[in-house]
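Colleague: Take a look at the following structure, please.
Read-outs throughout are calculated quantities, based only on the coordinates presented, and are distinct from any laboratory measurement. All values reported here derive from a predicted model rather than from experimental measurement. Virtual Cβ from ideal backbone geometry, glycine too; neighbours counted across all protein chains shown.
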Amino acid sequence: MRWAEFTIFTTDEASDAICEMLTGIGADGIAICDPDEIRRILEDPASLTYADEGFIDSLGEKVVIKAYFAELDDGFIRLGAKEEEFVNDEFINMIYGNITGKSVTCDEAKELLTAKLSDIGEFLDVGEGLKDFKYVKDEDWANNWKQDYKAFKISDRVAVIPSWLPQDSIDAPVKIMLDPGSAFGTGTHETTSMCAEFIDDLVTSDSSVLDLGTGSGILAIIAHKLGAKEVEAIDIDKLAVDVARENLDINGCSEVVCHTGELKDADKDGYDLIIANIIADVIAMIASDIPAKLNCGGKVILSGIISTKEPKVLEALKSAGLEVIERKEKNDWVALVARSIG
């Protein structure tokens, strides 16, 4: 079997949105090489990761995303979201729209990707965009991209380990097995790592936690493994929920409740901690609904906020009666902790 490989040169700012879009149109696999992230790992004094001399300089500056789609008979490419996916016209469609399952020619796939990148470009700097296309064999897709990924510490107590590496490849009290190649988040991005750091600080054995927009389930897994009393994970994307459930099972977190939906579909009326690692515009949109879902003294972790959108989020939080009590920033990305002042 062959796979159609599309290479996109983009920016750190737009990489998450592009990966979400690629999943939405049916990508069977996604690999991301972020030079800044690799540099940070290699230059961290606490990191044991080694690279040959000159490797850092060879990385360049662009984030490279490779998306893989299965080749069907007669040269057609399988493309399109699954028809049973959760769709909310007032939510996901305002960002990317939805595509029904279909197969297309290579040229049609290129045209669609170019159009979708243009749509994202209205909100974010997408960089150079679609740069290359080729077919790769099964074994190349399955193995070549693994060389870019190592085990890494995502917070003081938590490490993320790809499944092909031994558990003792890194020293940490809490270890999570999670493979890259998914569009739903593996912890390498600043937005996820800042959330993980806040979770590490805030979760206790008495915490009830809601992970809103769970994606891969990584933050729900972290909360559960750090001892939270109960954890619920929801996402508007059914495919993301399927991925999250699989990751929860792999990591022994089957007690976590995971289902399709948005904030109003959460099972409880009160949580000690809500985690929302989404995007700034959506955070601003739902801010007014958050206080009603928090227990007295409860907190919300908000991430996925590019720094230029922080004022919009802060204004929405203030209007919602939420007070920011902690802030982190990494490479133009901002994460906040807020609590209700009502």
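Colleague: Sort Met194, Met285 so that the residue with the fewest other Cβ atoms within 10 Å of its own Cβ comes first and the one with the most comes last. Kindly include the intermediate steps, with their values, before the conclusion.
Modeller: On the way: Met194 25, Met285 15.
Going from sparsest to densest Cβ surroundings: Met285, Met194.
Colleague: Continuing with this model, one more query. In segment 239-293, what GluC sites (Glu not before Pro) fall in a loop by DSSP, with at most 14 other Cβ atoms inside 10 Å?
Modeller: Sites meeting the loop and neighbour criteria: Glu255.
Colleague: Using a cut-off of 9 Å between beta-carbons, work out the net charge of the residues near Val209 (Lys and Arg +1, Asp and Glu -1, Val209 not included).
Modeller: -3
Colleague: Under a straight-distance cross-link criterion of Cα-Cα below 20 Å, which lysines are reachable from Lys330, leaving out those fewer than 8 residues away in the same chain?
Modeller: Lys62, Lys153, Lys309, Lys312
Colleague: Sequence neighbours fewer than 8 away in the same chain don't count; with that in mind, list the lysines whose C-alpha is under 18 Å from Lys137.
Modeller: Lys66, Lys146
Colleague: When the Cα centres of segment 10-30 and segment 308-337 are compared, how far apart do they sit, in Å?
Modeller: Centre-to-centre (Cα) distance: 24 Å.
Colleague: Taking the Cβ of each residue in Lys116, Lys312 as the centre, tally the other Cβ atoms inside 10 Å and list the residues starting with the fewest.
Modeller: If I rank by nearby Cβ atoms, fewest first, I get Lys312, Lys116.
Colleague: I would also like to ask the following. Could you please rank His259, His224, His189, placing first whichever residue has the fewest other Cβ atoms within 10 Å of its Cβ?
Modeller: His259, His189, His224
Colleague: Below 12 angstrom from the Cβ of Lys116, what's the summed charge of the other residues (Lys, Arg +1; Asp, Glu -1)?
Modeller: Combined, the nearby Lys, Arg, Asp and Glu give -3.
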